[in-house]
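Written out below as structure tokens is the structure these notes cover.
The values are calculated or read from the model by the stated rules, or taken from the named source; none is laboratory data. Bear in mind the structure is a predicted one, so any value in this text is a computation, not a measurement. Every residue, glycine among them, receives a Cβ derived from its backbone with ideal geometry; neighbour counts consider all protein chains shown.
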Amino acid sequence: MKETVQERDEEELAAERLTQVLEAVAAKDTARLDMLLDPLHAADIADILEQISSADRSGLLALWHGGIDGDVLSEIDESIREEVIESLPDEVVAEAVRELDTDDVVDILEDLDEPAQEKILDALEDADRIAVEQAMSYPEYSAGRLMQREVVIAPEHWSVGETIDFLRGADWLPDQFYHVILADPRMRPIGYVTLGRILSAPRDAKLKDITEESFRTVRATDAEADVAYYFNQYHLISCPVVDEDGRLVGVITIDDAMNVLDEEHEEDMLRLAGVSDESSIQDGVIATVRSRLPWLVVNLFTASLSALVISQFEGVIASLVLLAALMPIVASTGGIAGTQSLAVAVRSLATRDLTPANARRVIWRELRAGMVNGIFLALVLAFAAVVFFHDPWLGSVLAMAMICNQVVAATGGVLVPLAFNRMGMDPALASGTFVTTLTDVMGYLAFLGFAALVLL
């Protein structure tokens, strides 16, 4: 209860703050805007920029552009980031991006068009620009795009004391790093040591004697989804990135890996709903329509299959009009069951808990679960049919159709995404549409088919 009250208080505070910011923008009160925004975290400032209209956003940036730094640019949703950058003076953008590590600069560049990218690159120092351009040369959604080039390296023969003295004398250290990476003379990583172990070990201890067992590397061309999986599976804090020859080229930290996991979850959720994974609440009407209409058109054609099935039983429905009112019960309940099974299967495929090795066992489990759910719902429907319609035969038709569709829904919710995955396609991409079509068609076919056999 305390958490709920706290959350409500935070929401009310954020809403009040947003109102005050808009009032300050309308009054062109720079001093008040500074007072409201300066104490806020970069993520909170980004939230405010995302929630207001484009006109208010332009007014805010014109009054408070000096407060925009690299952290704010990193936090802003990519759907409006380009608009924000274009609204800022070049010197403000330059100062903001110079504060960022290379991985954060690459993250910003990925979502911008070429002129905006050049504006960012021109603001960087030569060494940073080269590092960012090299990272951008790697495939999209690869580890090379995700890594930061600022890496703390030490020879394996160094002692803890030598390492501490080196770190204290370095003025170029990245803002966030968790390991000192040990490398051989050919710059190939051979282990790493956490900062905690370095600080707690005797000065004469050798780094090679206190390395972490979790050490592993990823290639710069590996998919970022695989990298995020390694972090989650092996509880990594950071991970060295190597080129094709095994030489160290960068490091990925846990914050970037977790961002990828969040994006993967969001992408799966949107695609299961038949929405483009690039959709955002900031999108305009045209962009929103463009992201949703294609799957609505697909659904229009797949839904026609249900209509085709129903049309084959016109005589049955005409003989007993009550069937028209009852048949959506079986189909819609099957659709919900299919969506439940589908959501679990897609998530399990993403986390690699569902594999070809255990697919048969999972399908068998879903089939039995569908059977049990179907029997329970069938008993409820049959009882209701007897009580309300005084027709046990109608109850038996509802019961048999419900059992059939629950079994189809549960197994189809696993088989459809497995089939997409086997074909090398994203299992979340169109599984929802096909599973819904499957349960609708089978629901109507089973219900009307049993009705034709039993009731007529």
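Numerical summary
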read-out	value
Residue in region 376-384 that is on the phi < 0 side of the Ramachandran plot, of a type in the set (V, I, T) and more than 33 Å from the chain's Cα centre (by Cα) present	yes
Candidates A384, A428, A399, A419, filtered to the one that is touching a residue at least 24 places away in the same chain (Cβ under 8 Å) and of a type in the set (A, V, I, L, M)	A428
Residue count, region 62-88 (criterion: part of a helix (DSSP H, G or I) and within 25 Å of the chain's Cα centre (by Cα))	14
All strands (runs of 3 or more DSSP E) inside region 115-194 with 3 or more residues being surrounded by 19 or more Cβ atoms within 10 Å (Cβ to Cβ)	179-183, 189-194
Residue among D426, D440 that alone is charged (D, E, K, R) and crowded, with 24+ Cβ neighbours inside 10 Å	D440
Residue identified as of a type in the set (A, V, I, L, M) and more than 33 Å from the chain's Cα centre (by Cα) among A154, A131, A116, A123	A154
Residue that is farthest from V454 (Cα to Cα), among those in region 358-415 that are outside any helix (DSSP H, G or I) and not acidic (D, E)	N358
Region 130-142 residues that are under 10 Å from V106 (Cα atoms), paired with ones that are not in a helix (DSSP H, G or I) (beta carbon under 6 Å, 6 or more apart)	A131/R149
Complete set of residues in region 30-43 that are acidic (D, E) and surrounded by 15 or more Cβ atoms within 10 Å (Cβ to Cβ)	D34
Subset of region 425-455 (residues that are assigned to a loop (DSSP other than H, G, I, E, B) and either in contact with a Ser or Thr (Cβ under 6 Å, 6 or more places away or on another chain) or more than 18 Å from A325 (Cβ to Cβ) (or both))	M425, D426, P427, A428, L429, A430
Which numbered condition A183 misses (of (1) over 33 Å from the mean Cα position of the chain (by Cα); (2) more than 21 Å from V242 (Cα to Cα))	(2)
Residue check, V285 at pLDDT below 90, under 20 Å from the mean Cα position of the chain (by Cα) and among the β-branched types (V, I, T)	no
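Rundown of residues vs (1) under 17 Å from L112 (Cβ atoms); (2) surrounded by 17 or more Cβ atoms within 10 Å (Cβ to Cβ); (3) among the hydroxyl-bearing types (S, T, Y), yes/no style:
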{"site": "S53", "(1), (2), (3)": "no, no, yes"}
{"site": "S58", "(1), (2), (3)": "no, no, yes"}
{"site": "E75", "(1), (2), (3)": "yes, yes, no"}
{"site": "E82", "(1), (2), (3)": "yes, yes, no"}
{"site": "D90", "(1), (2), (3)": "yes, no, no"}
